[in-house]
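Reading through the structure tokens given below for one structure.
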């Protein structure tokens, strides 16, 4: 016998009523995280990385080019010129400068080509709205929300340079304003954040724990917090998430510094995805 319509609607709403305000907040944050990945400019569209040599770098879909693009591009599309740290794109429409790590990009149908700079290397990052990574994306997986993994940590101001390696074999010093001290399972741990740019309004943590390579991405995860207030920061591990390298082999992700390799399990946040 079917339930009365009003009763059925009430029963369906019970899980929503049972969710705490915090769980709703985290749910919305996770939806936004997945939407950002799936977006036209998201990491799932990053489907190529080509390092430039000094001088001319011809690009197009013909295999004879220095940079071979997908078939959707013209056979001969143009030339990227690298001279003294400056990159220009020469196409049928003329010549234009492309600033590294900026919004400058060359658009060709579903493709966009932009310049990145890593150390002393310059490369072309290709995004493709029709990329295989985007088409085959199956969604993110998360640990259950655990409110006790939102931890208020004591922040110790101790400015220093932190050596941060990346997946392409480079190591760069990054500014760290200090470290966060927190308790988990009766033990004390530290995490050292970095500032991604001068005047940053958030702290960026690159960490690895004992779930890495098992339940979570092997290279580690990312986390942000606000700047210290009254000597404290909030580490919400329910918002820990995978670096771009979990979704595309063409990212240049930073790796956890030795100071941020935790000898405990952080069973919160984003879990492993795929085989990248």
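The values are calculated or read from the model by the stated rules, or taken from the named source; none is laboratory data. Because the structure is a prediction, the values reported are computed rather than measured. Please note: Cβ atoms are built from the backbone with ideal geometry, for glycine as well, and neighbour counts cover all protein chains shown.
So the values come out like this:
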{"read-out": "Residue count, the stretch 250-275 (criterion: closer than 20 Å to residue 132 by Cβ and in a helix (DSSP H, G or I))", "value": "0"}
{"read-out": "Selection status of residue 207, touching a residue at least 24 places away in the same chain (Cβ under 8 Å) and closer than 23 Å to residue 165 by Cβ", "value": "yes"}
{"read-out": "Within the stretch 221-247, tally of residues that are in a loop (DSSP other than H, G, I, E, B) and either surrounded by fewer than 20 Cβ atoms within 10 Å (Cβ to Cβ) or out of contact with any helix residue (DSSP H, G or I) (no Cβ under 8 Å at 6 or more places or on another chain) (or both)", "value": "7"}
{"read-out": "Hey, residue 26 at pLDDT 95 or above, within 26 Å of residue 144 (Cβ to Cβ) and either surrounded by 13 or more Cβ atoms within 10 Å (Cβ to Cβ) or not assigned by TED's automatic domain parsing to the domain that holds residue 108 (or both) or not", "value": "yes"}
{"read-out": "Out of 56, 77, sole residue that is surrounded by 15 or more Cβ atoms within 10 Å (Cβ to Cβ), modelled with pLDDT of 95 or more, under 28 Å from residue 252 (Cα atoms) and in contact with a strand residue (DSSP E or B) (Cβ under 9 Å, 6 or more places away or on another chain)", "value": "77"}
{"read-out": "Flag for residue 251 being in the same structural domain as residue 28 (by TED's automatic domain parsing), in contact (Cβ under 8 Å) with a residue 24 or more places away in the chain, touching a helix residue (DSSP H, G or I) at 6+ places or on another chain (Cβ under 6 Å) and within 28 Å of residue 124 (Cα to Cα)", "value": "yes"}
{"read-out": "Residue in the stretch 255-273 that is modelled with pLDDT under 95, within 20 Å of residue 45 (Cα to Cα) and surrounded by fewer than 22 Cβ atoms within 10 Å (Cβ to Cβ) present", "value": "yes"}
{"read-out": "Test: residue in the stretch 81-102 that is out of contact with any strand residue (DSSP E or B) (no Cβ under 6 Å at 6 or more places or on another chain) and closer than 22 Å to residue 248 by Cβ", "value": "yes"}
{"read-out": "Selected residue (only one of 47, 61 is closer than 16 Å to residue 126 by Cα and touching a residue at least 24 places away in the same chain (Cβ under 8 Å))", "value": "47"}
{"read-out": "In the stretch 168-189, residue nearest to the chain's Cα centre (by Cα) [restricted to those that are surrounded by fewer than 15 Cβ atoms within 10 Å (Cβ to Cβ) and in contact (Cβ under 8 Å) with a residue 40 or more places away in the chain]", "value": "168"}
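Conditions tested, residue by residue: (1) modelled with pLDDT of 95 or more; (2) closer than 21 Å to residue 237 by Cα; (3) surrounded by 12 or more Cβ atoms within 10 Å (Cβ to Cβ).
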site: 129; (1), (2), (3): yes, no, yes
site: 139; (1), (2), (3): yes, yes, no
site: 151; (1), (2), (3): yes, yes, yes
site: 154; (1), (2), (3): yes, yes, yes
